[in-house]
1. When only residues in the range 275-313 that are assigned to a loop (DSSP other than H, G, I, E, B) and modelled with pLDDT of 85 or more count, which is farthest from residue 209 (Cα to Cα)?
2. From the set of residues in the range 219-239 that are touching a strand residue (DSSP E or B) at 6+ places or on another chain (Cβ under 8 Å) and farther than 15 Å from residue 191 by Cα, which is surrounded by the most Cβ atoms within 10 Å (Cβ to Cβ)?
3. Given the criterion farther than 17 Å from residue 120 by Cα, at pLDDT below 90 and hydrophobic (A, V, I, L, M, F, W, C), identify the matching residue among 29, 15, 19.
4. Can you name every residue in the range 88-103 that is surrounded by 15 or more Cβ atoms within 10 Å (Cβ to Cβ) and farther than 28 Å from residue 65 by Cβ?
5. I'd like to check something: does the range 203-215 contain any residue that is part of a helix (DSSP H, G or I) and of a type in the set (A, V, I, L, M)?
6. Would the range 209-218 turn up any residue that is modelled with pLDDT under 85 and at positive phi?
7. State whether the residues of the range 238-252 include one that is touching a helix residue (DSSP H, G or I) at 6+ places or on another chain (Cβ under 9 Å), closer than 18 Å to residue 276 by Cβ and part of a helix (DSSP H, G or I).
8. In the range 122-179, which residue that is among the hydrophobic types (A, V, I, L, M, F, W, C), surrounded by fewer than 20 Cβ atoms within 10 Å (Cβ to Cβ) and over 31 Å from the mean Cα position of the chain (by Cα) is nearest to residue 200 (Cα to Cα)?
Amino acid sequence: MDLHERLRGELQATAVSDAAWPELLLRLADLIGATEATLGGGQRSGQLEMFAPRTDLGQVQVYHDIFHQQNVIMRAVARQGPGAITVTDTLPENEGFRRSDFYNLWCVPQRFNHAVALNLATSTGWAGTLVINTAEEVTTDQIELVRTLAPDLSNAVERWSWLAQLRLANRMTLDALDLSGQAALMLDRAGRVIDGNQTAQAMLGDGRLQIRDGQLGSADTQSTQNLARIIARCLSQLDHGIGRTQITGPDGPLSVQCVPFPPDMTYPVPQRPVAMVMIADPGHRLRQRLATLTRLYGLTRAEAELAIAVVEKGSRKAAALARGVSDTTARSQLTSIFDKTGVRRQTELVRLLMVES
């Protein structure tokens, strides 16, 4: 079995998750006969990325804090350009490097005495270096093994970088829906929930939505059946499977829409979203405003619920009927609301609820 075959599974896994890189690097170091294999660079999210599975985490932190800026060898390697394979012993900077604190206090104790480096770059703008550290001088066979694997490693980094950007874009889509008060959940081909925004998490937390065996549902049986029906249709008709329904919520109906995830968008198979469920709560914005009023004026839960009902139903009596309380109770609660908010009429209360944020 050649080197490609022995690393194929790990190479493919790197596209799916950052967590797969340490396993690949460990296997690579073992197969090449190296002390350590590291991958560093990129600075996604404003930080230097570094995978170094055999290096003590404390030593990694020391490198970040102290020695990264002093690493003249890596700057010299980077100047060789994308795709270059460099034996660090051959660089003009190597003589001074071996006299540095970085080499003698950090590299030598870890048996990183010699290295061969492969520069990697992607079409998304990510650039970094794979470094094979050895205790003995790098051999011709080790250099050839790195050269043989270079195309596969380049492809792995390209997939990893692209898919990281796609995941970020999807995360931004979910977060953008948060701003409008819409819950959004990503589903895989089996209809299992694989991601969701903060609004969706809030709905799951307060029971408006539920997940059973990975499947989206509701506390209401009919609502769960409605959800299952439109999700099944969406998953079975990915070209035009948009579905809409309403489900029962504790404060009124929730509007649900299921839409297929763009089929032409590349995504790692184990995590690929196939559909997105979006749930709008018509009373969300009003309840947010009322929560602010509660915080500002100290309304009780019952008073807050009555205030919402007055806005939604248009009168105190209709609000009392909807809430299942007597008109006398509603009148008493409304008087307390007026006292706390400083308004004197229902129309003023409605206006206050609609404009407060």
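1. 298
2. Across the range 219-239, the extreme among qualifying residues is 223.
3. Going through 29, 15, 19 in turn, just one is farther than 17 Å from residue 120 by Cα, at pLDDT below 90 and hydrophobic (A, V, I, L, M, F, W, C): 19.
4. None - no residue of the range 88-103 is surrounded by 15 or more Cβ atoms within 10 Å (Cβ to Cβ) and farther than 28 Å from residue 65 by Cβ, so the list stays empty.
5. For the range 203-215, residues part of a helix (DSSP H, G or I) and of a type in the set (A, V, I, L, M): present.
6. There is no residue in the range 209-218 that is modelled with pLDDT under 85 and at positive phi.
7. Taking every residue of the range 238-252 in turn, none turns out to be touching a helix residue (DSSP H, G or I) at 6+ places or on another chain (Cβ under 9 Å), closer than 18 Å to residue 276 by Cβ and part of a helix (DSSP H, G or I).
8. Going through the qualifying residues, I end up with 145.
The values are calculated or read from the model by the stated rules, or taken from the named source; none is laboratory data. The structure presented is a predicted model; accordingly, all values stated were derived computationally and were not measured. Note that we place each Cβ from the backbone using ideal geometry, even for glycine, and neighbour counts take in every protein chain shown.
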